[in-house]
Every structure is written in C-alpha cells, then in structure tokens.
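The values are calculated or read from the model by the stated rules, or taken from the named source; none is laboratory data. Computed from a predicted model, the values in this text were never measured in an experiment. Glycine gets a Cβ as well: all are built from the backbone with ideal geometry, and neighbour counts include every protein chain shown.
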Amino acid sequence: MFTIRREPGRLGDVVPLLERFVDENPERSTWRPGLMLIASDLCFEKPARAVLDRMAATEFDLPRDGKYVITLSHLAETCARSRDLPRAELVYERLLP
C-alpha cells in the first residue's frame, strides 16, 4: 500500500495506518522507516529526523527479515534527503552484502 500510494503522491492516505502499526508495535522498528520516509516526502523534516536519530542510536540494528532491504532503502533515502553522510555510510555498509 505504501508504494502504491507513494507513486501518485498520496502518502498522506497511509499515515494513520502506519502510525497505528508503530503505536501498536513499539518494540518492532520495521514500520518506523516507512513513517520516516512519509514525513520526509511530506516535508516534515523534524519528525523524519527524529525517527532517523532513534534508529541510528542502535546503528541501524534491524531484524534480518523480509523487510530488511526495503527498510534500508527507506533509511538511505532519508539520509540522502537530510544530507546525513555519516549515517548514510552506515546504511550503505549494510546494503553491500
């Protein structure tokens, strides 16, 4: 749903759903990058940066599940938009394998 809404510029449609996933699963970090990317796409830089900072505090220690690569791609895009080179390098290192 995220990608389908993102392409035509309708990410605002999925914000409530994604926020719910994050609120109901606070221990799981897999939904945060999507929320962070939505915030970045919608020019809410402070919330996007807050999520990026929170995830970077663990050096992007993410579960190696089916969402791993897409999560890293969301992180990479947000790092690029915020011009955060040190964190972009960490994400890049995880994308290499």
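Conditions tested, residue by residue: (1) at pLDDT 75 or above; (2) part of a helix (DSSP H, G or I); (3) aromatic (Phe, Trp, Tyr).
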{"position": "Thr3", "(1), (2), (3)": "no, yes, no"}
{"position": "Arg49", "(1), (2), (3)": "yes, yes, no"}
{"position": "Arg64", "(1), (2), (3)": "yes, no, no"}
{"position": "Glu89", "(1), (2), (3)": "yes, yes, no"}
Close pairs from segment 81-97: first touching a residue at least 40 places away in the same chain (Cβ under 8 Å), partner in a helix (DSSP H, G or I) and among the hydroxyl-bearing types (Ser, Thr, Tyr), Cβ under 7 Å, at least 6 apart
Arg81/Ser40
Selection status of Thr71, hydroxyl-bearing (Ser, Thr, Tyr), in a helix (DSSP H, G or I) and at pLDDT below 90
yes
Where Glu45 falls short, out of the listed (1) more than 27 Å from Pro8 (Cβ to Cβ); (2) charged (D, E, K, R); (3) in contact (Cβ under 8 Å) with a residue 24 or more places away in the chain; (4) surrounded by fewer than 17 Cβ atoms within 10 Å (Cβ to Cβ)
(1)
Look at segment 52-97 and say how many of its residues are closer than 15 Å to Ser40 by Cα and acidic (Asp, Glu).
3
Within segment 44-94, take every residue that is farther than 13 Å from Gly34 by Cα and among the β-branched types (Val, Ile, Thr) and give me the one that is farthest from the chain's Cα centre (by Cα).
Thr58
